[in-house]
Amino acid sequence: MTEQLLFWVFAILSCGGAVAVVANQNVVRMAFWLVVSLGSVAALFFLLHADFIGAAQLLIYVGGTVVLLVFGVMLTASGHTIRIQASSAETLLGAGVGLLLLCVLVFAVGGVDWVAISGRMPATDMSAESADDLMGRNLQERVTNSRTPQATAAASDSQSRFEARRQSGRTVRQLGLSFFGLRPDRNLNQSAGEALAPGFLLPFEIVSIHLLVVLIGAAYLARAKRRVTSGSGTDL
Amino acid sequence: MDSVGLEAYLIVAAILFVCGVVCMATKRNGIGVLMGVELVLNGANVNFVAFSRYTPLGLDGQATALFVIVLAAAEAAVALAIALNYYNNYQTIDVDRGNELQG
């Protein structure tokens with residue numbers, strides 16, 4: 001019930017913010033509604049039990065990318081910006097095409113039986129939370145298998161602490177380990193002969209190099225140059 | 001199950017995606033086009049995380065969403081540098097003015 005209410009609030013905020021981004025002609029107001037939309041998407045991520053992704057969305061998108069866009073708005077502002085208006089025919093055409101695309105997507109989404117398809121998916125049926133289930137079972141086994149009273153007390157104490165703090169959505173450890181190359185959601189409950197599921201170590205390294213390249217490239221592209229007058233050559 | 005279904009999240013993602021595409025296609029301000037790109041990528045991210053929650057996709061969906069966030073931030077930086085160069089050359093950010101191939 002609470003989840004439904006929260007979902008509807010944040011879904012309306014994010015979709016309304018997105019429509020407001022499209023509908024506004026003033027680019028500063030578009031930036032504001034983009035902040036609203038991206039923040040609501042972060043709240044939707046928290047509702048989907050993806051705490052780390054939600055926090056990363058808030059930090060990187062709202063706290064980084066939108067600030068970058070606002071800087072861009074500031075640096076490229078001119079008298080013409082406020083008066084850039086699309087003609088009404090263009091507006092109607094754009095809105096019509098957008099509505100058609102939305103109908104296609106909604107029709108595709110509604111026409112698929114997701115439950116039946118997910119039953120046919122290969123490999124594992126361990127979601128990000130069920131590794132916590134497995135750990136809970138391991139702790140329970142340790143409680144029932146322990147011989148001395150001190151071992152029993154220690155095991156049940158750790159189990160109760162784990163159960164008390166366990167909530168779904170704590171994906172930080174599993175995500176971090178998967179970027180290291182280990183997959184705790186797949187490799188914990190395997191028989192001896194199976195191959196290990198691959199982690200995300202290589203994509204992580206590639207993205208790190210990518211970020212370095214982008215940093216250098218953007219700094220080079222946006223370096224201070226002599227201001228060109230219209231018509232003369234550039235030194236891009 | 002009483003929780004929100006998968007289709008609801010997919011429809012939210014579809015609306016975000018369509019708004020981003022229309023924004024990219026119709027805005028004359030270059031920064032507005034970049035905002036459309038961000039909306040498109042967010043729609044895809046919502047899709048990934050929703051599938052990660054409701055299907056056996058699991059951790060793969062969330063890791064992919066994280067990579068998408070990082071790459072989108074990098075792309076926004078470079079696109080903004082290009083937009084600044086465009087502004088320096090044309091003295092306007094109106095993308096409709098960039099209709100010559102040379103200089």
With the structure loaded, tell me whether A:ALA77 is surrounded by 14 or more Cβ atoms within 10 Å (Cβ to Cβ) and modelled with pLDDT under 85 or whether it fails that test. yes
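Filter segment B:54-70 for residues that are without any contact (Cβ under 8 Å) to a residue 24 or more places away in the chain and facing chain A (nearest Cβ under 7 Å) and give the result.
Within segment B:54-70, the subset without any contact (Cβ under 8 Å) to a residue 24 or more places away in the chain is B:56-67, B:70.
Hits for segment B:54-70 are B:PRO56, B:GLY58, B:LEU59, B:GLN62, B:ALA63, B:ALA65, B:LEU66, B:PHE67, B:VAL70.
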In segment A:26-48, how many residues are β-branched (Val, Ile, Thr) and under 19 Å from the mean Cα position of the chain (by Cα)? 3
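Residue-wise test of (1) more than 10 Å from chain B (Cβ to nearest Cβ); (2) among the small types (Gly, Ala, Ser); (3) within 18 Å of B:VAL95 (Cα to Cα); (4) touching a residue at least 24 places away in the same chain (Cβ under 8 Å).
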site	(1), (2), (3), (4)
A:LEU44	no, no, no, yes
A:ILE60	no, no, no, no
A:GLY63	yes, yes, no, no
A:VAL104	no, no, no, no
A:ALA108	no, yes, no, no
Given the conditions (1) charged (D, E, K, R); (2) surrounded by 18 or more Cβ atoms within 10 Å (Cβ to Cβ); (3) more than 7 Å from every other protein chain (Cβ to nearest Cβ), report the number of the one that B:ARG97 does not fulfil. (2)
Which condition does B:SER3 not pass, out of (1) surrounded by 18 or more Cβ atoms within 10 Å (Cβ to Cβ); (2) at the interface with chain A (Cβ under 7 Å from one of its Cβ atoms); (3) at negative phi, if it passes all the others? (1)
Condition first: more than 20 Å from the chain's Cα centre (by Cα) and more than 9 Å from every other protein chain (Cβ to nearest Cβ). Can you find one or more residues in segment A:1-17 that meet it? yes
Test: A:VAL36 is in contact (Cβ under 8 Å) with a residue 24 or more places away in the chain, in contact with a helix residue (DSSP H, G or I) (Cβ under 6 Å, 6 or more places away or on another chain), assigned to a helix (DSSP H, G or I) and not hydroxyl-bearing (Ser, Thr, Tyr): no
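Per-residue answers, yes or no, for (1) out of contact with any Leu (no Cβ under 6 Å at 6 or more places or on another chain); (2) outside any helix (DSSP H, G or I); (3) closer than 29 Å to A:VAL172 by Cβ:
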residue	(1), (2), (3)
B:TYR9	yes, no, yes
B:PHE17	yes, no, yes
B:MET24	yes, no, no
B:PRO56	yes, yes, yes
B:LEU66	yes, no, yes
B:VAL70	yes, no, yes
B:ALA73	yes, no, yes
Tally time: how many residues in segment B:37-58 are under 20 Å from B:ASP94 (Cα atoms) and surrounded by 23 or more Cβ atoms within 10 Å (Cβ to Cβ)? 1
Identify, please: which residue in segment B:18-33 is surrounded by fewer than 24 Cβ atoms within 10 Å (Cβ to Cβ) and free of Cβ contacts under 8 Å to residues at least 60 places away in the same chain and is, among those, nearest to the other protein chains (Cβ to nearest Cβ)? B:THR26
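The values are calculated or read from the model by the stated rules, or taken from the named source; none is laboratory data. Given the structure is predicted, the values throughout are model-derived calculations rather than measurements. No Cβ is skipped: glycine too gets one built from the backbone with ideal geometry, and neighbour counts run over all protein chains shown.
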